[in-house]
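Heads up, the thing below is written out as structure tokens.
Only the coordinates and a few stated rules stand behind these numbers; no lab work does. Source: prediction; values computed, not measured. Quick reminder, even Gly has a Cβ in these numbers, built from the backbone with ideal geometry, and neighbours come from all protein chains shown.
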Amino acid sequence: MSTCVFVQIRCRPGTTYRVAEAVALKELHSELYSTSGEWDLLMKLYVPEGEDVGRFVNERLLDVPDIERSLTTLTFKAF
């Protein structure tokens with residue numbers, strides 16, 4: 001069973017759409033939204049069973065240019 005995680009992404013000013021396009025091309029996500037507030041993008045993804053969540057996010061997502069910071073939230077149970 002895969003692990004559902006949400007990743008919030010802060011981009012360098014003026015690069016949000018470019019970052020979103022680059023992230024979308026990786027086809028890692030289930031959903032990807034632009035958001036208001038402290039974070040620019042919100043991404044829902046499923047990490048395959050047996051994969052380390054931190055390594056998966058760092059190696060497959062955070063290599064996208066112009067990402068300044070991310071916040072990953074692990075989920076436990078859907079209601």
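Computed values, structure above
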{"item": "So Tyr17, is it of a type in the set (Ser, Thr, Tyr) and touching a Cys at 6+ places or on another chain (Cβ under 7 Å)", "result": "no"}
{"item": "Enumerated strands (runs of 3 or more DSSP E) restricted to the chain, each holding at least 2 residues that are touching a Pro at 6+ places or on another chain (Cβ under 7 Å) and surrounded by 15 or more Cβ atoms within 10 Å (Cβ to Cβ)", "result": "none"}
